Amino acid sequence: MTERPSFILFITDQQRFDHLGCNGHPVLRTPHIDAMAAQGVNYKRFYVASPVCMPNRASLMTCRMPSSHGVRTLGIPMSHDQVTFVELLRAAGYDTALIGKSHLQNLSHFPVQVPPPEHREGFHVPPDDASVAIRSDLDNETYQYERQPYWNQDDPVVPTPFYGFDHYDSVLRHGTNAGGDYELWLRKNAPEVLEMRGPQHQFPHDYICPQAIRTKIPEEHYTTRYIADRASEWIAARKGNPKPYFLMVSFPDPHHPFNPPGKYWDMYEPEDMPVPLAYQANDWDPPAYVLAAEKARAKDANIGKKAGYSLAVSKREALEARALTCGMIAMVDDAVGQVRDAVNDAGVSDETVQIFTSDHGDHLGDHRLLFKGSEQYDNLTHVPFIWSDPKGSAGQDSDEIAQTHDIGTTILEHAMIEGAVGMQGVVMSVAGGQGREAAHIQYETQRTQEAFGVRPRVHTIVKGRWRLSMYLGKCPNELFDLEDDPGEMVNLWDSPTHAAIKHQLVEALAEMEIAAVDRVPLPTSEA
């Protein structure tokens, strides 16, 4: 038996809280993840630090808020100067591995959306190395490991430790065109599959949902199975190894495109999916960002083929997206079961804490939208979190509020490893902590948007029954009663009846913003 517990962190991409059997989905079956919940603690009020991939994954790794670790928006690589909780595990003698998606660095070469500064006539222009208030080198060669050109080289290998991981088996991007080590494996073991990738090679189907792709890639060569196989092999190779370990198993699904392979494509029917409230409520007054999305969709019928941000969709499209998402999650659930079996077979289950979460959610038709954007609805910020400790509580549901940046802090506490000064996560009760009274969420995007303005920011507090969001930009602020209005259909910001609670929440949010201001670097002298 190891002196310290080992950990497996399963993380999915773009999976909202209610899309698990153990979290009340009326149709979706997830027996392996449900079993994990039955053997542990299932958090019912777990929130992200930011409802988008790169900022929230950086918060996971650093145990810090986006305003502190610097990855405020998509497009900013996580600096190597940031200390990760995985580094601290490694320094304490843990074997560390990441198999699957990282997204701590940029994946694409899409142009920056931030407009260049306009220099006034007659004013001296700063030199390049002084044109931005903080000097950085976030586009050097050490931040290119998730971009395709790096993988087009002969025998590409990502140097380790990679943000603290001694073993890194990468799956880059989403859908059927995933790259990294996965693509290298396909080239070597199933080169014929390379010709099946992409929407141009899909099976015919009658789905109208944007980015629904009936892929020809067989289940055994799909990314989810690849990740499960590599993770199971890594666990099996540990048999008899007394060292504790931390393994992150990171699935790119169920993020769009919606392309569950094989039997998972038609495992669920659109007609069996719950109909979002926005398609039933005749008296709903849609906010400006929903109307703007509907206007954009009407103007460009093909926008859904390339969109990665909130997209207006019909009821039929929403139900199809939900059915295909359920198929992708079902495959993830089978993969989780495969890895859990490998843990049992290796004889390390009694020493391994198993954790399940996701990096953010998806509208999936709620408020007549698909994907994600600057909106702060519960379906984007509220995700699953399960902590299954063989020596801890079992079969419990928890209403304690916790967040993504609390995960690493809680793991370190449970492993009896001190965190780094400046880490901002709170220890959850599963590791003897007190948890938190409210969730604090930060979001920013490069994109100028009609309803939100230029480079909008929105900061949110979720406390008790309330969600309050304050937007920097054009969008009106929001206050929702999550108990009486769980669908978040009525904005109470201007309600005189709710003025007192609004003021209390604004004050609480201000206190959280002050607390999130960095206390590092540390002073080097008293004065």
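With semi-axes defined as the square roots of five times the eigenvalues of the C-alpha gyration tensor, the equivalent ellipsoid of the range 449-524 measures 26, 18, 10 Å, largest first. When the range 261-313 is described by a simple charge dipole with +1 on each Lys and Arg Cβ and -1 on each Asp and Glu Cβ, the residue from Pro261, Tyr309, Pro287 located farthest towards its positive end is Tyr309.
Dipole magnitude of the range 285-376 about its Cα centre, charges +1 at Lys/Arg Cβ and -1 at Asp/Glu Cβ only, in debye to the nearest 20? List each step's numbers first, then the result.
Details: 11 positive and 15 negative charges, 175 e Å.
The calculation lands at about 840 debye.
Distance from the C-alpha centroid of the range 496-527 to that of the range 316-356: 38 Å, rounded to the whole angstrom.
Based on Cα coordinates alone, diagonalise the gyration tensor for the range 318-469, multiply each eigenvalue by 5, take square roots, and list the semi-axes in whole Å, largest first.
That gives 31, 23, 14 Å for the three semi-axes.
Of the two radii for the range 135-199, the radius of gyration is 1.02 times the Kirkwood radius, both from the alpha carbons; that is the Rg over Rh value. Scattering from the chain was approximated by placing one identical point on each alpha carbon and applying the Debye formula without solvent; log10 I(q)/I(0) at 0.05 1/Å stands at -0.19. Candidate cross-link partners of Lys391 among the aspartates and glutamates, defined by an alpha-carbon separation under 16 Å and a same-chain spacing of 8 or more, comprise Glu3, Asp350, Glu351, Glu413. Residues Tyr279, Tyr182, sorted by accessible area with the largest first, give Tyr279, Tyr182 [1.4 Å probe; ligands and nucleic acids excluded].
Which order do you get for Trp151, Trp284 if you rank them by accessible area with a 1.4 Å probe, largest at the top?
The most accessible residue leads, giving Trp284, Trp151.
Listed peptides 487-494, 169-176 appear in the order 169-176, 487-494 once ranked by packing, highest mean of other Cβ atoms within 10 Å at the front.
Among the trypsin sites (Lys or Arg not before Pro) in the range 174-279, those located in a DSSP loop and surrounded by at most 11 other Cβ atoms within 10 Å of their own Cβ are Lys239. Backbone amide hydrogens, once placed in the peptide plane, bring His255 within less than 5 Å of Asp13, excluding anything fewer than 5 places away on its chain. Farthest toward the dipole's positive end in the range 420-507, which of Trp466, Asn491, Val421, given Cβ charges of +1 (Lys, Arg) and -1 (Asp, Glu) about the Cα centre? The Cα lying farthest towards the positive end belongs to Val421.
Helices assigned as whole DSSP H runs in the chain whose Cα atoms extend at least 15 Å along their own long axis and whose mean Kyte-Doolittle hydropathy is -1.0 or higher are found at 223-236, 288-299, 315-345, 499-516. Counting only lysines at least 8 places from Lys305 when in the same chain, those with an alpha carbon closer than 30 Å to its own are Lys101, Lys216, Lys263, Lys295, Lys315, Lys372, Lys474. Quickly estimate the mean residue ellipticity at 222 nm for the chain, helices only: each DSSP H run with n ≥ 4 gives -39500 (n - 2.57), and the total goes over all residues, rounded to 500. Helix-only estimate at 222 nm: -7500 deg cm²/dmol. Evaluated with a Cβ-only charge set (Lys, Arg +1; Asp, Glu -1), the range 156-310 carries a dipole of roughly 580 debye about its Cα centre, given to the nearest 20.
Which sequence of His205, His25 reflects their accessible areas, 1.4 Å probe, from the largest down?
Working: His205 60, His25 20 Å².
Sorted descending by solvent-accessible area, the residues read His205, His25.
Taking only Cα atoms of the range 149-242, what ratio of Rg to Rh do you get with Rh as the Kirkwood inverse-distance radius? Over the Cα atoms of the range 149-242, Rg/Rh equals 1.04. For Tyr94, the solvent-accessible surface with a 1.4 Å probe is about 0 Å², rounded to the nearest 10.
According to the Kirkwood relation over distinct C-alpha pairs, the hydrodynamic radius of the range 198-336 is 17.3 Å.
Computing the accessible area with a 1.4 Å probe over protein heavy atoms, can you report the carbon and sulfur percentage for the range 101-194?
Carbon and sulfur together cover 53 percent of it.
Rounded to the nearest whole angstrom, the semi-axes of the ellipsoid equivalent to the range 211-264, taken from the Cα gyration tensor as √(5λ), stand at 30, 12, 5, largest first. Ligands, DNA and RNA excluded, the heavy atoms of His459 present near 50 Å² of accessible surface to a 1.4 Å solvent probe.
Ranking Ser131, Val517, Thr357 by how far each Cα lies toward the positive end of the dipole of the chain (charges on Cβ) leaves Ser131 at the top.
Determine the per residue accessible area of the range 184-279 with all protein chains present and a 1.4 angstrom probe, expressed in square angstrom. Please list the in-between numbers first.
Details: 4100 Å² over 96 residues.
That works out to 43 Å² per residue.
Distances between placed amide hydrogens fall under 5 Å for Ala212 paired with Phe258, all partners being 5 or more residues away or on another chain.
Both numbers refer to the Cα atoms of the range 30-135; Rg and Dmax are 19.6, 69 Å. For the range 281-366, what percent of Cα pairs sit more than 23 Å apart? Every Cα pair in the range 281-366 considered, those over 23 Å come to 46 percent. Amide H contacts of Gly453 (H built 1.01 Å from N, in plane; Pro and chain starts excluded): Lys474 sit under 5 Å, all sequence-distant by 5 or more or on other chains.
The values are calculated or read from the model by the stated rules, or taken from the named source; none is laboratory data. Small disclaimer: the values here were computed from a predicted structure and weren't measured. Don't worry about glycine lacking a Cβ; one is built from the backbone with ideal geometry, like all the others, and counts go over all protein chains shown. Please note that ligands, DNA and RNA were not included when accessible areas were found on the heavy atoms of the full protein model with its side chains. Shrake-Rupley method; radii C 1.70, N 1.55, O 1.52, S 1.80 Å.
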